[in-house]
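All remarks here apply to the structure that follows.
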Amino acid sequence: MKDKIESAQAPKATGPFSQAIVCDKLIFTSGQVYLTTEGILLEGTIEGQVHQVMRNLKSILETAGVTFNDVVKTTIYVTDMSLYGKINEVYGSYMSEPYPARETVCVQDLPLGAKLEISMIAIKP
């Protein structure tokens with residue numbers, strides 16, 4: 001059995017997908033780009049954009065009843081690996097030991113022309 005998670009504090013899904021799905025004790029978020037709740041890509045620095053992605057993910061996770069402390073796996077997609085250090089610094093400010101497993105993948109393009117997308121898997125304690 002799976003349940004849909006929808007947070008009003010994060011941008012609505014822009015296609016045939018959910019913000020997150022809960023299956024048993026696992027929470028799977030969809031990839032989040034730096035959309036505001038109004039559905040507009042945040043302009044500015046990559047640091048500000050990472051903060052927006054993390055705020056979106058935080059809202060979705062909290063709606064599912066978990067926090068970043070419950071995240072066991074993160075996937076980061078980026079269109080320019082030279083941004084890795086800045087992304088890592090901001091991402092790391094939201095996470096604590098033991099850090100989730102993670103990969104960062106450089107891709108050619110992302111939805112809506114974004115430079116960054118992050119998805120997470122969390123487990124309910």
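Readers should treat all values here as calculations from the given coordinates under stated rules, not as data from a laboratory. Predicted, not measured: the structure shown is a model, and the values here were computed from it. Here the Cβ positions follow ideal geometry from the backbone for every residue, glycine too, while neighbour counts run over all protein chains shown.
Would you compute the Debye intensity of segment 5-67 from its alpha-carbon atoms alone, equal scatterers and no solvent, and pass along log10 I(q)/I(0) at q = 0.12, 0.15, 0.17, 0.22 Å⁻¹ to two decimals?
-0.27, -0.42, -0.53, -0.84
For segment 2-123, what is the charge dipole size about the Cα centre, in debye to the nearest 20, if Lys and Arg each add +1 at the Cβ and Asp and Glu each add -1 at the Cβ?
Result for segment 2-123 is approximately 180 debye, rounded to the nearest 20.
Could you tally the net charge around CYS23, taking each other residue with its Cβ under 13 Å from the Cβ of CYS23, Lys/Arg +1 and Asp/Glu -1? List each step's numbers first, then the result.
Working: positive: LYS2, LYS4, LYS25, LYS124; negative: ASP3, ASP24.
Surrounding charge for CYS23 is +2.
Let me check I've understood the local charge: for VAL50, count other residues with C-beta under 15 angstrom from its C-beta, Lys and Arg +1, Asp and Glu -1. What total comes out? Working shown, then result.
Details: positive: ARG55, LYS58, LYS86, ARG102, LYS115; negative: GLU43, GLU47, ASP80, GLU89, GLU117.
Value of the local net charge: 0.
Of the options MET95, ILE40, ILE27, report the single residue whose Cα projects farthest towards the positive end of the charge dipole of the chain (beta-carbon charges: Lys, Arg +1; Asp, Glu -1).
With unit charges placed on the Cβ atoms, the residue in question is ILE27.
Tell me, in nm to one decimal, what length is gained between THR37 and GLN9 on full extension, where the rule is 0.36 nm per residue of separation less the Cα-Cα distance? If you can, show how the numbers build up before the last one.
Details: separation 28, 0.36 × 28 = 10.08 nm, distance 0.64 nm.
In short, 9.4 nm is gained.
Over the chain, what relative contact order in percent results from Cα pairs under 8 Å that are six or more residues apart? Mind showing how you got there, number by number?
On the way: 237 pairs, mean separation 39.4, N = 125.
That works out to 32 percent.
Beta carbons within 10 angstrom, averaged per residue: use that to sort the peptides 62-74, 12-24, 98-110, highest first. Mind dumping the intermediate values first?
Working: 62-74: 17.2, 12-24: 13.8, 98-110: 11.6.
Packing proxy ranking, top to bottom: 62-74, 12-24, 98-110.
Could you check the simple spin-label distance between GLU62 and TYR84, using points 7 Å along Cα→Cβ, in nm with one decimal?
Placing both labels 7 Å along Cα→Cβ, they lie 3.2 nm apart.
Let me check I've understood the local charge: for LEU83, count other residues with C-beta under 14 angstrom from its C-beta, Lys and Arg +1, Asp and Glu -1. What total comes out? Present the calculation step by step, with values, prior to reporting the outcome.
Working: positive: LYS86, LYS115; negative: GLU47, ASP80, GLU89, GLU117.
Its environment carries a net charge of -2.
Quick one: TYR91, TYR84, TYR34, fewest Cβ neighbours within 10 Å first, how do they rank?
Going from least to most buried by this count: TYR84, TYR91, TYR34.
How many angstrom lie between the Cα centre of segment 109-125 and the Cα centre of segment 1-55?
Using only Cα atoms to place each centre, the spacing works out to 7 Å.
Suppose R0 equals 30 Å; then what is the FRET efficiency for ASN69 and VAL107 from their Cβ-Cβ distance, rounded to the nearest 0.05?
Details: r = 28 Å, r/R0 = 0.94.
Taking R0 as 30 Å, the efficiency between ASN69 and VAL107 is 0.60.
Counting only pairs 8 or more residues apart or on different chains, how many lysine pairs in segment 2-123 have their Cα atoms under 22 Å apart?
Here the count comes out as 18.
Could you give me the percent of Cα pairs per 10 Å distance bin for the chain, shortest bin first, beginning at zero and ending with the bin that holds the maximum distance?
13, 49, 33, 5, 0
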